[in-house]
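Trainee: Here you go, one structure.
The values are calculated or read from the model by the stated rules, or taken from the named source; none is laboratory data. Since we're looking at a predicted model, the values are computed, not measured. Cβ coordinates were reconstructed from backbone atoms using ideal geometry, including for glycine residues, and neighbour counts include every protein chain displayed. Heads up: the accessible areas ignore ligands, DNA and RNA and are worked out on the full protein's heavy atoms, side chains in. Shrake-Rupley method; radii C 1.70, N 1.55, O 1.52, S 1.80 Å.
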Amino acid sequence: MNVNSSTLTKLDFERVRVALSERTASKLGTELALALAPNLSREDIETSWQRTEEALSGPAITLGGVHDVRPFIEAVREGKFIDGSDILQIAYTMDAAGTIKRAILASERPALCELAKELRSFDGALRLVREQLDLDGSVRDDATPKLRDIRRRLAPLRGRIRD
């Protein structure tokens, strides 16, 4: 179903977009709400309606830990380096996605479960980040055997320099 702009104006659809955007939990959600356009098929409308009803019923599904990591992803795609704290932001978001997926799959919400099944699991990447970075985003001394050896040899040298 496509709706022309004249009809959207008469329906004051822009006000609906703004109201929806004010209720989103993330920057991406806000952007998607403001870009929303009613051009779905009847099946898509029914699926969206069912997902909305399921999201509003039962316990709330929080989006805690979700950050807008698109700038970091874009920087990497451009060949730029990002620092450890940026990598942690990405990892926290990936971890939150896993938590959200598990919460939805554990619920009695079939339409949302179908959507949640599309979320990927990032367990391997998260394990790697936890093994390599401290909580402040700095590289751990034991991130690799070579780094562990280098830092072990540097410790006495630093002490001698201070002396």
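Trainee: Enumerate the pairs (first residue in the stretch 25-42 and closer than 17 Å to Glu14 by Cβ; second residue anywhere and assigned to a loop (DSSP other than H, G, I, E, B) and of a type outside the set (A, V, I, L, M)) with beta-carbon separation below 7 Å, excluding pairs fewer than 6 apart on the same chain, so at least 6 apart or on different chains.
Mentor: Qualifying pairs under 7 Å: Thr30/Thr24; Ala33/Thr24; Asn39/Asn2.
Trainee: Considering only residues that are closer than 30 Å to Leu56 by Cα and polar (S, T, N, Q), look in the stretch 98-149 and name the one that is surrounded by the fewest Cβ atoms within 10 Å (Cβ to Cβ).
Mentor: Ser121
Trainee: Separate question: Just give me the residues in the stretch 1-17 being in a helix (DSSP H, G or I), β-branched (Val, Ile, Thr) and open to solvent by less than 100 Å² (accessible area, probe 1.4 Å), in sequence order.
Mentor: Hits for the stretch 1-17 are Thr7, Val16.
Trainee: Could you list, in sequence order, the residues of the stretch 54-68 that are of a type in the set (Asp, Glu) and either in a loop (DSSP other than H, G, I, E, B) or without any contact (Cβ under 8 Å) to a residue 24 or more places away in the chain (or both)?
Mentor: Answer for the stretch 54-68, where residues must be of a type in the set (Asp, Glu) and either in a loop (DSSP other than H, G, I, E, B) or without any contact (Cβ under 8 Å) to a residue 24 or more places away in the chain (or both): just Asp68.
A quick yes/no check of all residues on (1) within 17 Å of the chain's Cα centre (by Cα); (2) part of a helix (DSSP H, G or I):
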| position | (1), (2) |
| --- | --- |
| Ile73 | yes, yes |
| Phe81 | no, no |
| Ile90 | yes, yes |
| Asp95 | yes, yes |
| Thr99 | yes, yes |
| Ala103 | yes, yes |
| Ala111 | no, yes |
| Leu119 | yes, no |
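Listed here are the residues, each with its yes/no results for (1) surrounded by 13 or more Cβ atoms within 10 Å (Cβ to Cβ); (2) more than 21 Å from the chain's Cα centre (by Cα).
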position	(1), (2)
Ala19	no, yes
Thr24	yes, no
Thr30	yes, no
Trp49	no, yes
Gly58	no, yes
Arg70	no, no
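Trainee: Evaluate the following for Pro38: is it over 19 Å from Thr93 (Cβ atoms), part of a loop (DSSP other than H, G, I, E, B), open to solvent by 80 Å² or more (accessible area, probe 1.4 Å) and not small (Gly, Ala, Ser)?
Mentor: So Pro38 fails the test.
Trainee: Ala103: among the small types (Gly, Ala, Ser) and touching a residue at least 40 places away in the same chain (Cβ under 8 Å), yes or no?
Mentor: It is true that Ala103 is among the small types (Gly, Ala, Ser) and touching a residue at least 40 places away in the same chain (Cβ under 8 Å).
Residue-by-condition table, conditions (1) under 20 Å from Leu28 (Cβ atoms); (2) touching an Asp or Glu at 6+ places or on another chain (Cβ under 9 Å):
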position	(1), (2)
Leu63	yes, no
Val66	yes, no
Val69	yes, yes
Glu74	yes, no
Phe81	no, no
Asp86	yes, no
Ala91	yes, no
Asp95	yes, no
